[in-house]
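The values are calculated or read from the model by the stated rules, or taken from the named source; none is laboratory data. Just so we're clear, the structure is a prediction, and the values are computed from it rather than from any experiment. Here Cβ is always computed from backbone atoms with ideal geometry, including for glycine, and neighbour counts include all displayed protein chains. In case anyone asks, the SASA skips ligands and DNA or RNA and just uses the protein heavy atoms, side chains included. Shrake-Rupley method; radii C 1.70, N 1.55, O 1.52, S 1.80 Å.
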Amino acid sequence: MEAVQAQGHEKYKHLIERAVKAGPVTVAVAHPCDAVSLEGAVEAARMKLIHPILVGPQARIRDIAADQRLDISGFRIVDAEHSHESADKAVEVVRKGEAEALMKGSLHTDELMGAVVSRAAGLRTARRISHCFVMDVPGHAHPLIITDAAVNIAPTLEEKVDIVQNAIDLALALGAEEPRVAILSAMETVNPKVPSTIDAAALCKMADRGQIVGGVLDGPLALDNAISLEAASVKKIVSPVAGRANILVVPDLEAGNMLAKSLSFLAGADCAGIVLGARVPIILTSRADSLVTRYASCAVAALVAAARRASAAVAPV
């Protein structure tokens with residue numbers, strides 16, 4: 001845990017500690033064919049967060065490991081000729097039940113997600129696939145989930161139902177006692193001229209009717225009165241979510257991307273990333289991610305996998 005402690009990311013440190021206690025999750029790592037992605041997998045394994053299955057050109061992976069002095073002797077390698085085949089074979093490993101999570105290596109996100117959403121041989125479920133950032137924001141008491149900032153470009157109301165449910169399920173897996181979901185817009189009143197406010201109102205009523213479960217929803221809310229009790233008080237907004245949200249649902253990908261990057265580059269936040277709604281959690285990392293962010297992404301996936309295991313164990317036969 002030395003690297004995490006040195007960085008002082010208390011919220012990520014807590015997630016990582018919980019994931020280590022839950023035990024490592026077996027992860028199919030698609031095309032770890034550069035130093036950064038291979039080192040991330042090896043170090044996550046060293047911290048007992050994951051047990052990686054490396055999927056890609058075997059000779060190339062071994063050469064990188066030798067060059068970077070990384071010990072991969074204990075890891076299974078599934079040989080693949082190129083990145084597309086790496087994605088397909090990594091998904092196949094998951095479909096066979098040999099891995100509980102999928103991790104992006106040095107291939108393009110589109111290549112990996114193309115294999116995931118394949119109707120013939122992918123990992124689709126009835127749930128819409130969506131992305132969540134788990135943000136460690138300095139000065140903010142708890143991890144902040146932002147969705148969707150990476151997969152769904154302009155989600156419909158129907159798609160937002162799954163996006164919200166995926167985020168609630170994630171918050172519960174991460175140990176949140178009460179997922180508090182703010183449906184964001186530019187204002188906190190319903191305005192027929194602003195479609196995101198109509199969607200927000202509909203989502204809240206759907207939660208009232210049990211179409212979304214496990215969390216408390218409110219919206220539309222502007223960002224300030226979603227996370228600031230003072231701002232909510234000034235606007236005279238009384239709700240269990242206003243000022244205390246731990247999930248922020250954005251209107252579209254552009255808004256989510258700008259929000260997440262603003263927090264990263266202006267507030268010094270770190271953002272672990274995970275894709276939900278498929279058969280297994282999918283770890284999406286960027287080459288620009290720090291090691292602690294990579295650890296946190298693996299920890300999030302491990303906790304999601306552990307929650308699914310626990311849920312399956314108590315499910316009626």
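Which order do the peptides 145-154, 261-270, 163-172 take when ranked by the mean count of other beta-carbon atoms within 10 Å per residue, highest first? Mind dumping the intermediate values first?
Working: 145-154: 21.9, 261-270: 14.6, 163-172: 23.7.
Most protected by this proxy first, the peptides run 163-172, 145-154, 261-270.
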Practice prompt. Calculate for the chain the 222 nm mean residue ellipticity that helices alone would give, adding -39,500 (n - 2.57) per DSSP H run of length 4 or more and normalising by residue count, nearest 500 deg cm²/dmol.
Written response: -14000 deg cm²/dmol
Worksheet item: What number comes out for the charge environment of residue 153, summing +1 per Lys or Arg and -1 per Asp or Glu over other residues with Cβ under 11 Å away?
Response: -4
Worksheet, complete the sentence: Once phi for every residue in the stretch 171-187 is put through the Karplus expression 6.51 cos²θ - 1.76 cosθ + 1.60 (θ = phi - 60°), the whole-Hz ³J(HN,Hα) values, with Gly and Pro written as x, are 4, 5, 5, 7, x, 5, 6, 9, x, 10, 9, 9, 8, 7, 8, 8, 8
Fill in: Heavy-atom surface of the chain, accessible at 1.4 Å and reported per residue (Å²)
46 Å²
Worksheet entry | Check: the chain dipole with +1 on Lys, Arg Cβ and -1 on Asp, Glu Cβ, in debye | 640 debye
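Only Lys, Arg, Asp and Glu count, each charged at its Cβ (+1, +1, -1, -1), so figure out the dipole size of the stretch 1-145 about its Cα centre, rounded to 20 debye. Write down the numbers at each step before the final one.
Numbers: 18 positive and 19 negative charges, 132 e Å.
Dipole magnitude for the stretch 1-145 comes out near 640 debye.
If you take every residue apart from residue 76 with its C-beta less than 15 Å away from the C-beta of residue 76, what net charge results, scoring Lys and Arg +1 and Asp and Glu -1?
Numbers: positive: 62, 89, 96; negative: 71, 79, 92, 98, 100.
Combined, the nearby Lys, Arg, Asp and Glu give -2.
Could you compute the net charge surrounding residue 140? Neighbours are other residues with a C-beta less than 13 Å from the C-beta of residue 140; K and R count +1, D and E count -1.
Cβ neighbours under 13 Å give a net charge of -1.
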Worksheet item: Excluding same-chain residues fewer than 8 positions from residue 11, which aspartates and glutamates have a Cα within less than 13 Å of its Cα?
Response: 136, 270
Worksheet, complete the sentence: Using alpha-carbon positions, the gyration tensor of the stretch 158-317 gives root eigenvalues a ≥ b ≥ c; with a/c under 1.5 called rounded, otherwise prolate if a/b exceeds b/c, else oblate, the class is oblate
Item to complete: Would you mind checking the pairs 48/89; 48/261; 13/236 and listing those with alpha carbons more than 27 angstrom apart?
Response: 48/261; 13/236
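Pull out a ≥ b ≥ c, the square roots of the eigenvalues of the alpha-carbon gyration tensor of the stretch 160-224, then state rounded if a/c is under 1.5, prolate if not and a/b is larger than b/c, and oblate in the remaining case.
Values: a/c = 2.45, a/b = 1.72, b/c = 1.43.
It comes out prolate by the Cα gyration axes.
Determine the equivalent ellipsoid of the chain by diagonalising the alpha-carbon gyration tensor, then write out the semi-axes as square roots of 5 times the eigenvalues, largest first, rounded to whole Å. The partial results should precede the final answer.
On the way: eigenvalues 235, 86, 61 Å².
Working from the Cα gyration tensor, I get semi-axes of 34, 21, 17 Å.
Please report the carbon-and-sulfur percent of the accessible area for the stretch 1-151; probe 1.4 Å, protein heavy atoms only, DNA, RNA and ligands left out.
On the way: 3190 of 6960 Å².
The computed percentage sits at 46.
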Practice prompt. Could you state how much accessible area residue 140 has, in square angstrom rounded to the nearest 10, with a 1.4 Å probe and all protein chains kept in place?
Written response: 50 Å²
Practice prompt. May I ask you to derive the FRET efficiency for residue 17 and residue 96 from their Cβ-Cβ distance with R0 = 41 Å, giving the value to the nearest 0.05?
Written response: 0.85
Worksheet, complete the sentence: Looks like the stretch 230-317, by Cα gyration tensor root eigenvalues a ≥ b ≥ c and the a/c under 1.5 rounded cutoff (else prolate when a/b is bigger than b/c, oblate otherwise), is oblate
Discussion item. Can you give the FRET efficiency to the nearest 0.05 for residue 126 and residue 309, using r as the Cβ-Cβ distance and R₀ = 22 Å?
Written reply: 0.65
Worksheet entry | Hits among aspartates and glutamates - C-alpha to C-alpha of residue 104 under 17 Å, sequence gap 8 or more where chains match | 34, 39, 43, 79, 81, 85, 88, 92, 289
Worksheet item: Over the stretch 194-317, what percent of the accessible surface lies on carbon and sulfur atoms, probe 1.4 Å?
Response: 60 percent
